[in-house]
Each structure stands twice: as C-alpha cells, then as structure tokens.
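The values are calculated or read from the model by the stated rules, or taken from the named source; none is laboratory data. On a predicted model such as this, the values are computed, not experimentally measured, just so you know. No Cβ is skipped: glycine too gets one built from the backbone with ideal geometry, and neighbour counts run over all protein chains shown. The area values use the complete protein model at the heavy-atom level, side chains included, leaving out ligands, DNA and RNA. Shrake-Rupley method; radii C 1.70, N 1.55, O 1.52, S 1.80 Å.
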Amino acid sequence: MEIIVRRRQRRTAVASLVMAALMTATATACAYPLRDLGPLPPRFSGPPLPADTAVSEMTSALAAEGIKTERQPTNVLGECHERLSGRHAPETVDTALKAAFARARSEYGWQPGPDMGSRTLTLTKNNWTVMASLPGGQATQGIETMIVMSMTCVDGDDTPSAVPSPPVTTLTPAPALTSPSTSP
C-alpha cells in the first residue's frame, strides 16, 4: 500500500513540475506581445480634408485634361466614399488619366498612393485615398470609354462616428392602485 501512495505522490510531483514549467513558458511567451506600446500613430498625416475639397481638387485636375466627371457620394456607416464617373475618348483615355493624376500631385499636393499594380493609379492626401483603373483596351468608333474614380476617406470629419440614438423617452410611473381597505 505504501508503494502505491509513493507512486501517486511522485506522479503528482512530476505533473506539478510540468504544469509549472508550462505556466512559466506561457507567461514568458505572452509577456512580450502584451506590453503597452503607447497610443497608435495616426492613420493619416495632416488635418482631415473635407469631402467637398477633395472632390473639387480631383474634379478640377480631371477637367483640365478634358475629363468631365459627375459626383456620386456614398455614406456608409463608419466610412465616407465618393465616386467620380465620366467618359473620355478611348484613344487618349489612359494618357489623360495619367496627366490628371500628375496635375493633382503638382497643383494640389496629392502624394503617390499605395502600389496597386501597373493598371491602377492611386493618390493620397491627408485622410483621402483616390484610386482609378486605366481602362486601356481597343478604341471603338464613336463610343467613349467609361472612367470611374473611387475616393475613400479615413477618420475624417465626414465620417460618421456613430449612429444617432433615438430620443430617450422618460417613463412616468402609473398611479398606484389602492385596494379598498376594510375597516372593522
């Protein structure tokens, strides 16, 4: 009987050592990722740019290159998105778009955006990112090529922060019901 008790004690001691080692390893491994590194850097530099200003600058740059566009605003919860669409002659559409993006950089201070491939043009300014695909392709006689430019803002004044809550209704308690008391 004493041998069985000692075996159980030995197993318990070994299991306790293994658990302690696992707990130490887990605590050590998790300590680095859980360090407080302070606040996150801003997602964009400079003050937020209003949607009207961003759209106006891009519309002007496109118009200077002969591309007339229409604005199609879209407001989705937590995101503001603008879309400019227009048409241009298919023979020169790629050249005109590239020139409009170059004009936006030189005249309005837009910066090159993230690389999205050779057929996509991108620009950024403050809290806005602009993206347009080069339509290219073969010229079709008499049909203008469709151009779509997507403009997305992040953390700007035009971004709704929350859905407005319905007005709070105050509840008034109903009058207390009194039961007729019976007197002796």
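For this structure, a couple of remarks:
- So Asp36, is it of a type in the set (Asp, Glu) and at pLDDT 80 or above: no
- Residues in the range 95-124 that are open to solvent by less than 40 Å² (accessible area, probe 1.4 Å) and modelled with pLDDT under 90: Gly113, Gly117.
- Selection of first residues in the range 31-59 that are within 17 Å of Ser85 (Cα to Cα) and open to solvent by less than 90 Å² (accessible area, probe 1.4 Å) and of second residues that are modelled with pLDDT of 85 or more and of a type in the set (Gly, Ala, Ser), restricted to Cβ pairs under 7 Å at least 6 apart or on distinct chains, gives the following pairs, ordered by first then second residue: Glu57/Ala104; Met58/Ala104.
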